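Data first, discussion second: the structure below is written as C-alpha cells.
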Amino acid sequence: MSTIETPIRQFPPGFNLKTFLQEIMFAFQESDPFHESHYVLNLKTLELILITDEISSECEQVVNGHKTKEEVPEWMLYHVDEIRDMMEFPQKYRRIDSFPSFQSYKVMEKFAGSVDNTELRGNLLEALRLKKPFRNFRAVLDDYPQYLEKWYNYRDDHDMRKVKQWLVEEDIISEDLLHGVEETDTFYDRVLRGLVEVDVVAENDHALAFYHTNPYWPEHVVVIPKKRSRTFTEFPDGPSMNGFMTLLREVAQKVEAKFGGCRVVTNVGDYQTEKFMHWHVYFGKKLR
C-alpha cells in the first residue's frame with residue numbers, strides 16, 4: 001500500500017476522470033518489459049511519465065554525480081529533474097508495469113470460450129495452445145474484423161476493472177469517486193450518440209430497436225435502452241425498465257407477425273462481449 005494518508009477525494013475543476021482512467025489503462029497495456037519501458041504516475045499532478053531503462057540509467061548517473069549533463073544525450077536532459085524528484089520523493093510516484101502475461105492469457109482464453117462462432121472459437125483456442133499464443137490469437141482475429149472489435153472491448157472492460165482496483169488498493173483515488181464511471185465506450189454507446197448509422201426498427205423515450213449491422217440471422221433486431229446499463233440484472237425497475245420492455249415486446253410482436261415466431265434473448269455477466277445491456281430478437285437459420 002502507499003504511504004499517502006488518504007486517497008484523492010476531490011478532483012480539480014475541469015478534470016476528466018474517464019479520460020484519466022483510459023490513460024492509466026493504456027499505460028498498463030503499453031508498458032513493456034521486453035522493450036525496457038514503463039510508465040510512472042505523478043500522484044500530485046496525476047500526469048503519466050514514460051520512462052525507459054536507458055533514460056533512468058543515464059539520468060540517475062547525472063543525479064548521483066557520476067556523469068555531467070554534457071555527457072548524456074541532449075534529448076534526455078529534460079528527464080533529469082523528473083528522475084531526481086522520483087529518487088528524492090518516491091512516495092509521490094507510482095510505477096505502472098504491464099499486466100502479468102498469465103493474466104492476459106486467461107482473458108484471451110475466456111474471450112475465446114465466449115465466442116458464438118463455432119469455427120472462430122475453435123481457431124482461437126487452438127492458437128492459444130501453440131507457441132507465441134498472443135501473436136497467433138491476434139492473427140486469427142485479423143480475419144474476423146467484427147470479432148476483433150469485440151475482443152478489444154472485452155479486453156478493455158477487463159483491464160479497466162483492474163485499473164480501478166489498482167487505484168483503490170494503492171490509495172490513489174477513493175472508491176466512491178470511481179463508482180459509476182463507464183468502463184468502456186461500447187458500440188451501443190456510439191449508436192446512442194449518433195456516431196454509428198443504424199436502420200431503426202422502432203423507438204420510444206426509453207429504448208431503441210434497430211437491425212443488427214452484421215446479422216447472424218435473416219431477421220435480426222437489437223434492442224437497447226437509452227439509459228445506459230451494463231447488464232440486464234443491473235437494470236433498475238421503474239419507467240426506463242417499463243419503457244424498454246414495452247418496445248422489446250413490440251419488436252417481438254412485429255417479427256412474430258411477419259414470420260410466425262422468433263427468439264428473444266440477452267446475455268448477462270461473463271457471457272457478454274459488450275458491457276451494455278442489449279437484447280436480440282431474431283428469426284431464421286443462423287447465417288454464420
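The values are calculated or read from the model by the stated rules, or taken from the named source; none is laboratory data. No experiment lies behind these values; they were computed from the predicted model shown. For neighbour counting, all protein chains shown are included, and Cβ atoms are generated from backbone atoms with ideal geometry for every residue, glycine included. Side chains included, ligands, DNA and RNA excluded: accessible areas come from the protein's heavy atoms. Shrake-Rupley method; radii C 1.70, N 1.55, O 1.52, S 1.80 Å.
Under the rule a/c < 1.5 gives rounded, and otherwise a/b versus b/c splits prolate from oblate, where does region 213-287 land using the Cα gyration tensor? Oblate shape, in that a/c is at least 1.5 and b/c is the bigger or equal ratio.
Look at the dipole of the chain built from charges on Cβ: of S114, Q103, N42, the Cα furthest out on the positive end belongs to S114. Pairs exceeding 19 Å between alpha-carbon atoms, taken from K18/K162; K162/K227; K150/K285; K164/K227; K164/K226: K162/K227; K150/K285; K164/K227; K164/K226. Accessible area per residue for region 9-101 is 62 Å², calculated with a 1.4 Å probe on protein heavy atoms, without ligands, DNA or RNA. Computed extension length for E30-F134: 36.0 nm, one decimal, from 0.36 nm per residue of separation with the Cα-Cα distance subtracted. Restricting the calculation to Cα atoms, region 40-83 shows an Rg/Rh of 1.00 when the hydrodynamic-style radius is the Kirkwood one.
Solvent exposure of E170, expressed as accessible area, is near 50 Å², computed with a probe of 1.4 Å over the protein chains only. Note on F15/D142: beta-carbon distance plugged into 1/(1 + (r/R0)^6) with R0 of 41 Å gives a FRET efficiency of 0.65. The distance between label points at E149 and N242 comes to 3.5 nm (points 7 Å beyond Cα on the Cα→Cβ vector). For the chain, a Kirkwood radius taken over Cα pairs fed into Stokes-Einstein (10 °C, viscosity 1.306 mPa s) yields D = 71 µm²/s. Across region 94-197, Cα pairs under 8 Å and at least six residues apart give a relative contact order of 17 percent. The charge dipole of the chain, taken about its Cα centre with unit charges on the Cβ of Lys, Arg, Asp and Glu (plus for the first two, minus for the last two), comes to roughly 1440 debye.
Only DSSP H runs of four or more residues enter the estimate; each adds -39500 (n - 2.57), and after division by the residues of the chain the mean residue ellipticity at 222 nm equals -14000 deg cm²/dmol. Here region 71-145 is assigned +1 on the Cβ of each Lys and Arg and -1 on the Cβ of each Asp and Glu. Its dipole about the Cα centre then comes out at about 500 debye. Principal axis extents of the Cα atoms in region 14-106, from largest to smallest and rounded to whole angstrom, are 45, 35, 23. Based on every Cα atom in region 147-288, Rg and the maximum pairwise Cα distance Dmax equal 16.7, 57 Å. Residue ranking by accessible heavy-atom surface, 1.4 Å probe, largest first, among R129, R249 comes out as R129, R249. About the centre of its Cα atoms, region 186-288 shows a dipole size close to 240 debye [charges on the beta carbon of Lys, Arg (+1) and Asp, Glu (-1) only; nearest 20 debye].
Calculated FRET efficiency, V200 and L287, Cβ-Cβ r, R0 25 Å, to nearest 0.05? That gives a FRET efficiency of 0.70.
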